[in-house]
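Below is the structure I would like to discuss, written out as structure tokens.
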Ligand code: ADP
């Protein structure tokens, strides 16, 4: 009996350029904050951008983009119309279920949901489709890698060694599913006092940078803890931040380097 390589089932998404997975070893490190702000920065740099919130266990993109409680429409040809704000086309489980509803899907249902998110949504022409993955290493990550060619992955982490083990697991997973690592975004890299602008460490600096250097993983940005970023997420009013513009430039550089 012929053995099927599941990655041979990948099919490109017509009209969609680069699919970028955004992952994290654990929750709460700012993966969705990074996804939203990076999407905004890429759009401001002149790209057409989509953001698929595949963090089905805790979809936060609708709130961060002020799209909560809206429901996507279905076109005559039964394609789901993504919801758009700040120039970003989005799809999220948060548009389909109540805010407080727990999602307890496993395996086949997740694979089906990912199929619909990717293929039944009318993404149109996009330069980038960012995919905000659930934390950890599970069925959604595997499903994405099997269904579509992913240009690469960004890993988000806080700086301390407590997070490094999870980063290693996350990177190992992307390697196993043959997704190139485009870089790491270090979040909550320090705290800038809004009163005196003094920067203090929030977490003990660990070996994250040494690890990245040893494995040739570029650090795309170091984002401090900024109360304005937290407030923007709460109010659904993201602001363009230079650090994310820099991350967007470093991302395209990293994509170029992967080609050569
Ligand atoms: P994750 O997607 O990894 O679970 P979130 O992006 O939802 O994490 O962030 C968790 C919380 O931390 C949110 O309330 C978010 O607004 C806040 N947050 C994340 N990054 C920052 C930052 N750099 N500065 C301030 N608040 C942040």
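With (1) more than 15 Å from the chain's Cα centre (by Cα); (2) under 30 Å from residue 246 (Cβ atoms); (3) at pLDDT 95 or above as the list, and residue 94 as the residue in question, which single condition is left unmet?
(3)
So residue 43 clears everything in (1) within 16 Å of the ligand (Cβ to nearest atom); (2) free of Cβ contacts under 8 Å to residues at least 60 places away in the same chain; (3) surrounded by 16 or more Cβ atoms within 10 Å (Cβ to Cβ) except one condition, right? Which one?
Result: residue 43 fails condition (1) only.
Considering each of 121, 34 in turn, give the residue that is within 14 Å of the ligand (Cβ to nearest atom) and either more than 20 Å from residue 151 (Cα to Cα) or modelled with pLDDT of 90 or more (or both).
Details: 121 fails: within 14 Å of the ligand (Cβ to nearest atom).
None of the other options fit; the residue is 34.
Anything in the range 65-84 that is out of contact with any strand residue (DSSP E or B) (no Cβ under 9 Å at 6 or more places or on another chain) and either free of Cβ contacts under 8 Å to residues at least 40 places away in the same chain or crowded, with 16+ Cβ neighbours inside 10 Å (or both)? List them, or say none.
Answer for the range 65-84, where residues must be out of contact with any strand residue (DSSP E or B) (no Cβ under 9 Å at 6 or more places or on another chain) and either free of Cβ contacts under 8 Å to residues at least 40 places away in the same chain or crowded, with 16+ Cβ neighbours inside 10 Å (or both): 68, 69, 76, 77.
Does residue 114 count as out of contact with any strand residue (DSSP E or B) (no Cβ under 6 Å at 6 or more places or on another chain), under 25 Å from residue 40 (Cα atoms) and in a helix (DSSP H, G or I)?
Taking the combined requirement at face value, the residue satisfies it.
Restricting to the range 97-139, give me the number of residues that are more than 19 Å from the chain's Cα centre (by Cα), touching a residue at least 12 places away in the same chain (Cβ under 8 Å) and surrounded by 12 or more Cβ atoms within 10 Å (Cβ to Cβ).
Qualifying residue count for the region: 5.
Taking the condition more than 16 Å from the ligand (Cβ to nearest atom) and either outside any loop (DSSP other than H, G, I, E, B) or touching a helix residue (DSSP H, G or I) at 6+ places or on another chain (Cβ under 7 Å) (or both), does residue 72 pass?
It is true that residue 72 is more than 16 Å from the ligand (Cβ to nearest atom) and either outside any loop (DSSP other than H, G, I, E, B) or touching a helix residue (DSSP H, G or I) at 6+ places or on another chain (Cβ under 7 Å) (or both).
Quick one: how many residues across the range 14-24 are in contact with a strand residue (DSSP E or B) (Cβ under 7 Å, 6 or more places away or on another chain) and either part of a loop (DSSP other than H, G, I, E, B) or more than 16 Å from the ligand (Cβ to nearest atom) (or both)?
Summing the residues that are in contact with a strand residue (DSSP E or B) (Cβ under 7 Å, 6 or more places away or on another chain) and either part of a loop (DSSP other than H, G, I, E, B) or more than 16 Å from the ligand (Cβ to nearest atom) (or both) in the range 14-24 gives 6.
Report the residue count in the range 125-143 for those that are touching a strand residue (DSSP E or B) at 6+ places or on another chain (Cβ under 6 Å) and away from the ligand (no atom under 14 Å from the Cβ).
4
Being within 11 Å of the ligand (Cβ to nearest atom) and more than 20 Å from residue 110 (Cα to Cα) is the filter here; which residues of the range 46-65 pass it?
Listed by number, the residues that qualify are 63, 64.
I would also like to ask the following. Any residue at all in the range 198-208 that's modelled with pLDDT under 90, more than 18 Å from the chain's Cα centre (by Cα), over 19 Å from residue 167 (Cβ atoms) and surrounded by fewer than 17 Cβ atoms within 10 Å (Cβ to Cβ)?
Yes - at least one qualifying residue is present in the range 198-208.
Turning to a different aspect of this structure: Does the range 194-208 hold any residues that are farther than 17 Å from residue 24 by Cβ and in contact with a strand residue (DSSP E or B) (Cβ under 7 Å, 6 or more places away or on another chain), and which are they? Steps first, answer last, please.
Here is the first cut: in the range 194-208, the residues farther than 17 Å from residue 24 by Cβ are 194-201, 204-205, 207.
Correct list: 199, 200, 201.
The values are calculated or read from the model by the stated rules, or taken from the named source; none is laboratory data. What you are looking at is a predicted structure, and each value in this text was computed from that prediction instead of being measured. Positions of Cβ are generated from backbone atoms using ideal geometry, with glycine treated the same way; all protein chains shown enter the neighbour counts.
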